[in-house]
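Colleague: Here you go, one structure.
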Amino acid sequence: MPTLCFGCTVRLSRGEQILCTVCRNHLPLTEYDFVRENAVDRVFFGRTAIKKAAAMLFYDKQGVVKNLIHALKYNGQKQVGDFLGNWYGELLKNCLSEMNFDIVIPVPLHPKKLRKRGYNQVEGFGIKLAHHLQAEYRDDLLIKTANTRTQTKKNRLYRWMGNQALYKVRDMQKLEDKHILLVDDVITTGGTLEACAEALHKSPNISVSIAAMAVVP
Ligand SMILES: [Zn+2]
């Protein structure tokens, strides 16, 4: 089976993986990290206690990033998550002198959704980030309790209140005094991450930071 570029569908040359050299060179990297303030930090200002936030790529309705994440979420291409996590992990590990993480936790899927998709699309990204950031990866500590979607038409406060109970922490003690890196695919309103962070903050003396594959600019 020929391997095609996930960005532009050109046939990949020997040595190329996931993306062709052209797409790789044009990937819209944000250069956001865990040191300097960025636009993702500003998404969460005044909303919930997020220590630091970052995203790897700018999301565009058309283009390479959309194609990558679509392949990962809907076409079973789990290796895209590993690819992005490895790349971003290599960049973010330069921040380890200033910022340390204990546990990487993915935004959870409801068990029904997980069964349907077969995997959490953030898993590969999270595992690779945890590896590079010398943290533990745990997908069993934060759970989603109902199989509903964020209601985009409701206002932010209502959405936050409605979302809050959707996520629950399973083991408060394990998270006590820890710095958590919460990971997700694409940040749009930040509503889901906010709800997850609120749930995590029920553990005593916890800090929560965020890393995503992409952010809608
Ligand atoms: Zn390409």
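Every number here is computed from the coordinates shown, using simple stated rules; none is lab data. Worth saying up front: this structure is predicted, and the values here are computed from it rather than measured. Cβ: placed from backbone, ideal geometry, glycine included. Neighbour counts: every protein chain shown.
Colleague: Assuming R0 = 41 Å, can you tell me the calculated FRET efficiency for the pair residue 145 and residue 96, based on Cβ-Cβ distance, to the nearest 0.05?
Modeller: 0.75
Colleague: What ranking do 195-208, 12-25, 168-181 get when scored by the average of other Cβ atoms within 10 Å per residue, highest first?
Modeller: Working: 195-208: 19.5, 12-25: 14.2, 168-181: 16.6.
So the peptides 195-208, 12-25, 168-181, ranked by packing, come out 195-208, 168-181, 12-25.
Colleague: Just to verify a number: FRET efficiency for residue 26 and residue 136, C-beta to C-beta distance, R0 = 35 Å, to 0.05? Intermediate results must be reported in sequence, preceding the final value.
Modeller: On the way: r = 34 Å, r/R0 = 0.99.
Taking R0 as 35 Å, the efficiency between residue 26 and residue 136 is 0.50.
Colleague: Now a separate question. At a 10 Å Cβ-Cβ cut-off, how would you order 82, 140, fewest neighbours first?
Modeller: In order of increasing Cβ crowding within 10 Å: 140, 82.
Colleague: If you take the charge dipole of region 13-94 about its Cα centre, with +1 on Lys and Arg Cβ and -1 on Asp and Glu Cβ, which of 15, 57, 77 is farthest toward its positive end?
Modeller: Positive-most Cα among the choices belongs to 77.
Colleague: Need the full-extension length gain, residue 10 to residue 170, defined as separation in residues times 0.36 nm minus the C-alpha distance. One decimal, nm.
Modeller: Separation in residues times 0.36 nm, less the Cα-Cα distance, equals 53.1 nm.
Colleague: With 19 Å as the limit, write out which pairs from 66/112; 78/178; 174/202; 51/202; 52/93; 112/168 have Cα-Cα distances beyond it, or answer none.
Modeller: Among 66/112; 78/178; 174/202; 51/202; 52/93; 112/168, the Cα-Cα distance tops 19 Å for 66/112; 78/178.
Colleague: I would also like to ask the following. Kindly provide the helix-only [θ] at 222 nm of the chain, computed as the sum of -39,500 (n - 2.57) over DSSP H runs of four or more divided by all residues, to the nearest 500 deg cm²/dmol? Display every interim value, and only then the final one.
Modeller: Numbers: 9 runs with 77 residues, N = 217.
The helix contribution divided over the chain gives -10000 deg cm²/dmol.
Colleague: Relative contact order for the chain using alpha-carbon pairs under 8 Å, separation at least 6, rounded to a whole percent?
Modeller: Once divided by the residue count of the chain, the mean separation gives 23 percent.
Colleague: Return the Rg/Rh ratio of the chain with Cα-based radii and a Kirkwood Rh.
Modeller: Using Cα coordinates only, the ratio equals 0.96.
Colleague: Oh, and also: Test of understanding: ordering 136, 31 by Cβ neighbours within 10 Å, fewest first, what list do you get?
Modeller: If I rank by nearby Cβ atoms, fewest first, I get 31, 136.
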